[in-house]
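The values are calculated or read from the model by the stated rules, or taken from the named source; none is laboratory data. Bear in mind the structure is a predicted one, so any value in this text is a computation, not a measurement. As a convention, Cβ positions derive from the backbone with ideal geometry for all residues, glycine included, and neighbour counts pool all protein chains shown.
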């Protein structure tokens, strides 16, 4: 009974710590994005609230919470209110299978530094990412607005298309590490990150994960010049904030997954494991912001062609080649 | 504790499915069906089969229902009128449904299911894959060919329609 209670307390502590860190970093990712993007466009970016605008996220949160929470006439109220929560929760839950360090020992108990080590961790991520589609699609539909509906339909089509190439791009990684558990995948990369063996899979995963998070150059669901703001046009206050939060948590999850699946996770010389993981996530986030500041938006047919006719065949060929090499040489 | 969760989730699944087939608003029906699939996945997890739970969510809740929702949102069906189906339509359905219920009750009374081994259900992904590909590889190939045929068929239908609509392709 005592060990059970202890395990429960440890689980709660881990959950709270991961949630707090994820939310805190997500808030400051917004700041980082605005600042870095401003520099890319030769502006200053936020610089009024606190030194370097460091208090800007706090000001943003206060603003969004105190704003009126409007529901448009004719909207489907229940679905309209639930949709942003679906986006934010599915994004945050994905972090529960990302390991952030080797096992720790405390008072004779082994504590794995991951919220939960599922033996199907990778599938868990996919399940959540496929559920996240509903937030976008239902939010767009429930708003009772043409722009939002178009954005929602685009979002659903885009996310289910790129989920396929994302899943297929990861199969070689699973083949090489011989496990679907994220912890095992990190263990398998001790000393040699998978990016060296699977550069093509890495590339396909980066492109499709970017499309999954609906950011420039794949931000057709919210294309400002044609759809106002797409699926979240009608949202205000903290509900808009939740969509926003979902997007930035998605960037972090993407950074975390990329680090864990291709960049060796928490493995790295000299520095402590947790720091290595954070550095990798930070670099991936910077890269994504940089891409946003550099590339224009794709056209819809280009988006679909890229997903179905380029990435999926490439991923399939990659699986075949990996399998053949595995049979001939062995990993 | 275990049993309590089982009956709670089962009740939610049955309730959600019942609501799903009686809603007139199709989008709501789809949402209730997603809740039902989600509950089924939780039941699988409760049995100690996380692999099946994940597959249930990825394939049913995540892929098939998104396509349903997509089509419903695209074609914007109005809520159908109150229609009473003719006797010839609902009588066979009722008869078959009744047979199904009787068979199910008889089956549950005969074998409560507790002694049936669930070893395959709780297997890890590796054991599961080894079992399936060692014993049923032929069926898997047949299924994959079937899917391939369906894919080609869908492609053909899509192309033929395009040509008709445009007239010059």
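The conditions are (1) away from every other protein chain (no Cβ under 12 Å); (2) more than 22 Å from residue A:309 (Cα to Cα); (3) under 19 Å from the mean Cα position of the chain (by Cα), and residue A:180 fails exactly one of them. Which is it?
Condition not satisfied by residue A:180: (1).
Taking residue A:298 and the conditions (1) surrounded by 13 or more Cβ atoms within 10 Å (Cβ to Cβ); (2) at pLDDT 85 or above; (3) more than 20 Å from residue A:122 (Cβ to Cβ), which numbered condition does it fall short on, given that it satisfies the others?
(2)
Going by the structure shown, is residue B:11 surrounded by 15 or more Cβ atoms within 10 Å (Cβ to Cβ) and assigned by TED's automatic domain parsing to the domain that holds residue B:62? Walk me through it before giving the result.
Numbers: surrounded by 15 or more Cβ atoms within 10 Å (Cβ to Cβ): no; assigned by TED's automatic domain parsing to the domain that holds residue B:62: yes.
Judged against the criteria, residue B:11 is not a match.
Tell me the helices (runs of 4 or more DSSP H) entirely within the range B:1-78 that contain at least 1 residues that are within 12 Å of chain A (Cβ to nearest Cβ). Show your work before the answer.
Numbers: elements: B:2-22, B:26-46, B:50-55, B:65-75.
Filter on the range B:1-78 gives B:26-46, B:50-55, B:65-75.
Could you please let me know if residue A:153 is more than 11 Å from chain B (Cβ to nearest Cβ) and not in a loop (DSSP other than H, G, I, E, B)?
Details: more than 11 Å from chain B (Cβ to nearest Cβ): no; not in a loop (DSSP other than H, G, I, E, B): yes.
In short, no.
Residue check, residue A:322 against (1) farther than 30 Å from residue A:84 by Cα; (2) within 18 Å of the chain's Cα centre (by Cα); (3) modelled with pLDDT of 85 or more, all met but one. Which one?
Condition not satisfied by residue A:322: (2).
With the checklist (1) under 15 Å from residue A:33 (Cβ atoms); (2) crowded, with 24+ Cβ neighbours inside 10 Å; (3) at pLDDT below 85 in hand, flag the one item residue A:215 doesn't pass.
All conditions are met except number (2).
Every residue in the range B:110-143 that is part of a helix (DSSP H, G or I), modelled with pLDDT of 80 or more and either exposed (fewer than 10 other Cβ atoms within 10 Å of the Cβ) or away from chain A (no Cβ under 14 Å) (or both), please.
Correct list: B:131, B:132, B:134, B:135, B:137, B:138, B:139, B:140, B:141, B:142, B:143.
Given (1) without any contact (Cβ under 8 Å) to a residue 12 or more places away in the chain; (2) within 16 Å of the chain's Cα centre (by Cα), identify the lone condition not met by residue A:305.
Going through the list (1) without any contact (Cβ under 8 Å) to a residue 12 or more places away in the chain; (2) within 16 Å of the chain's Cα centre (by Cα), residue A:305 breaks only (2).
Using beta carbons and a limit of 7 Å, which pairs, at least six apart or on different chains, have the first residue in the range A:59-74 and without any contact (Cβ under 8 Å) to a residue 40 or more places away in the chain and the second one in a loop (DSSP other than H, G, I, E, B)?
The qualifying pairs are A:59/A:49.
Can you pull out the residues in the range A:131-149 that are facing chain B (nearest Cβ under 10 Å) and surrounded by fewer than 24 Cβ atoms within 10 Å (Cβ to Cβ)?
Across the range A:131-149, the qualifying residues are A:131, A:149.
Would you point out which residue out of A:245, A:277, A:314, A:263 is more than 16 Å from residue A:22 (Cβ to Cβ) and either part of a loop (DSSP other than H, G, I, E, B) or within 21 Å of the chain's Cα centre (by Cα) (or both)? Let's see the steps before the verdict.
Numbers: A:245 fails: more than 16 Å from residue A:22 (Cβ to Cβ); A:277 fails: more than 16 Å from residue A:22 (Cβ to Cβ); A:314 fails: either part of a loop (DSSP other than H, G, I, E, B) or within 21 Å of the chain's Cα centre (by Cα) (or both).
Sole residue among the options that is more than 16 Å from residue A:22 (Cβ to Cβ) and either part of a loop (DSSP other than H, G, I, E, B) or within 21 Å of the chain's Cα centre (by Cα) (or both): A:263.
Is at least one residue of the range A:99-121 closer than 22 Å to residue A:233 by Cβ and at pLDDT 80 or above? Break it down stepwise before answering.
Step one: filter the range A:99-121 for residues closer than 22 Å to residue A:233 by Cβ, giving none.
No: the range A:99-121 contains no residue that is closer than 22 Å to residue A:233 by Cβ and at pLDDT 80 or above.
Residue-wise test of (1) crowded, with 18+ Cβ neighbours inside 10 Å; (2) at pLDDT 85 or above.
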{"site": "A:248", "(1), (2)": "yes, yes"}
{"site": "A:263", "(1), (2)": "yes, no"}
{"site": "A:266", "(1), (2)": "yes, no"}
{"site": "A:270", "(1), (2)": "no, no"}
{"site": "A:284", "(1), (2)": "yes, yes"}
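Find all pairs meeting these conditions: Cβ atoms under 9 angstrom apart; at least six residues apart or on different chains; first residue within the range A:272-285 and farther than 16 Å from residue A:24 by Cβ; second residue outside any helix (DSSP H, G or I) and modelled with pLDDT of 85 or more.
Close Cβ pairs (under 9 Å, with a partner that is outside any helix (DSSP H, G or I) and modelled with pLDDT of 85 or more) do not exist here.
Results for (1) touching a helix residue (DSSP H, G or I) at 6+ places or on another chain (Cβ under 8 Å); (2) within 14 Å of chain B (Cβ to nearest Cβ), shown as yes or no for each residue.
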{"site": "A:167", "(1), (2)": "yes, yes"}
{"site": "A:193", "(1), (2)": "no, no"}
{"site": "A:212", "(1), (2)": "yes, yes"}
{"site": "A:215", "(1), (2)": "yes, no"}
